[in-house]
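Values quoted throughout were computed directly from the atomic coordinates according to the rules given, and no laboratory measurement underlies them. Remember, it's a predicted structure, so these values are computed and weren't measured experimentally. Heads up, the Cβs are rebuilt from the backbone with ideal geometry, glycines too, and the neighbour counts pull from every protein chain shown.
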Amino acid sequence: MDAAPVVLTIAGSDPSGGAGLQADLKTFATLGAYGAAVVTALTAQNTRGVEGVEPVSPAFVVRQLDCVLADLDVRAIKTGMLGRAALVEALAERLAGAAMPIVVDPVLAATAGQPLAEAAALDPIRRRLLPHAALVTPNLAEAEALTGRPVSSPAEMRAAAQALVDLGARAALVKGGHLEDVALDILHDGSAIHELAAGRVPGVFHGAGCTLSAAIAVGLARGATLHAAVSEAKRYVTRALADSPARGHGARPLDNRARG
């Protein structure tokens with residue numbers, strides 16, 4: 001009998017395969033989950049950056065979601081690039097009361113800096129989507145945007161994690177991949193704060209945040225505790241970063257091959 005849990009990503013498409021729903025589906029498959037995908041936007045992008053975005057209407061995104069949830073036994077959901085306030089509002093309404101854990105990766109900009117979400121989307125993410133999140137996984141810039149406070153040190157990361165839980169998320173993982181000294185993440189599990197450190201892998205990478213949140217969703221779908229799911233996902237991403245060959249002429253996509 002197939003014991004692979006169904007994990008759903010709600011995210012934008014990256015035709016170069018390094019980020020977005022393509023990275024999510026690779027991660028799901030590598031970690032032994034059955035991946036499903038709801039497309040929120042088409043992008044024209046590669047390892048060097050994003051050249052264009054074609055959003056999918058909120059009504060059609062919700063229609064995709066309804067079709068998947070009506071047919072598949074989805075055990076966890078992760079959200080990635082949502083882009084617009086109207087889509088955040090529509091998804092938040094549809095996901096209200098969902099039984100499965102939802103990992104919210106609040107994608108606001110591409111690795112190369114191009115914006116992937118309108119400023120108006122921040123308020124409904126805070127007000128409508130975070131209260132449905134089992135975990136929210138912002139990087140430093142995303143944590144700053146969501147909390148309205150500077151986030152550039154471990155102490156500020158801890159304060160941001162607390163602020164995100166105060167906004168309604170059941171847990172928050174503030175990712176410190178852009179810190180200068182160490183790859184330190186701060187996990188607030190709803191009651192306590194934990195520091196998760198790893199050695200820094202040199203280079204500029206594409207899709208690390210997508211891969212991390214996807215790997216966490218797989219762990220939660222399998223019934224792992226939050227701390228175990230986050231810790232194992234961080235180990236997986238660290239190995240994938242270290243093993244990533246150069247592809248294209250920009251940021252390096254992660255190597256999502258199966259590994260022990």
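Of all residues in the stretch 45-94, how many are in contact with an Asp or Glu (Cβ under 8 Å, 6 or more places away or on another chain) and of a type outside the set (S, T, N, Q)? If you could, list the steps in order and put the result at the bottom.
Just the residues of the stretch 45-94 that are in contact with an Asp or Glu (Cβ under 8 Å, 6 or more places away or on another chain), to begin with: 45, 58, 78-80, 83-85, 94.
Filter again for of a type outside the set (S, T, N, Q), leaving 58, 78, 80, 83-85, 94.
Adding up the residues that qualify gives 7.
Condition check ((1) assigned to a helix (DSSP H, G or I); (2) within 18 Å of Gly113 (Cα to Cα); (3) basic (Lys, Arg)) across all residues:
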{"position": "Gln45", "(1), (2), (3)": "no, yes, no"}
{"position": "Gly52", "(1), (2), (3)": "no, yes, no"}
{"position": "Arg63", "(1), (2), (3)": "yes, no, yes"}
{"position": "Ala76", "(1), (2), (3)": "no, no, no"}
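Take the residues in the stretch 1-36 that are of a type outside the set (Val, Ile, Thr) and farther than 23 Å from Leu241 by Cβ; name whichever of them is farthest from the chain's Cα centre (by Cα).
Going through the qualifying residues, I end up with Met1.
Give the residue that is surrounded by the fewest Cβ atoms within 10 Å (Cβ to Cβ), with candidates limited to residues of the stretch 240-256 that are charged (D, E, K, R) and more than 19 Å from the chain's Cα centre (by Cα).
Filtering first and then ranking leaves Asp243.
Does Arg48 qualify as being farther than 27 Å from Ala229 by Cα, touching a residue at least 12 places away in the same chain (Cβ under 8 Å) and surrounded by fewer than 16 Cβ atoms within 10 Å (Cβ to Cβ)?
yes
Residues are listed down the side, and each one gets a yes or a no for (1) surrounded by fewer than 16 Cβ atoms within 10 Å (Cβ to Cβ); (2) under 16 Å from Asp14 (Cβ atoms):
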residue: Thr79; (1), (2): no, yes
residue: Leu82; (1), (2): no, yes
residue: Ala92; (1), (2): no, no
residue: Ala99; (1), (2): yes, no
residue: Gly113; (1), (2): yes, yes
residue: Leu122; (1), (2): no, no
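Which one of these is surrounded by 17 or more Cβ atoms within 10 Å (Cβ to Cβ), under 30 Å from Ala96 (Cα atoms) and in contact (Cβ under 8 Å) with a residue 12 or more places away in the chain: Ala183, Ala221? If you could, list the steps in order and put the result at the bottom.
Numbers: Ala183 fails: under 30 Å from Ala96 (Cα atoms).
Within the list Ala183, Ala221, the selection yields Ala221.
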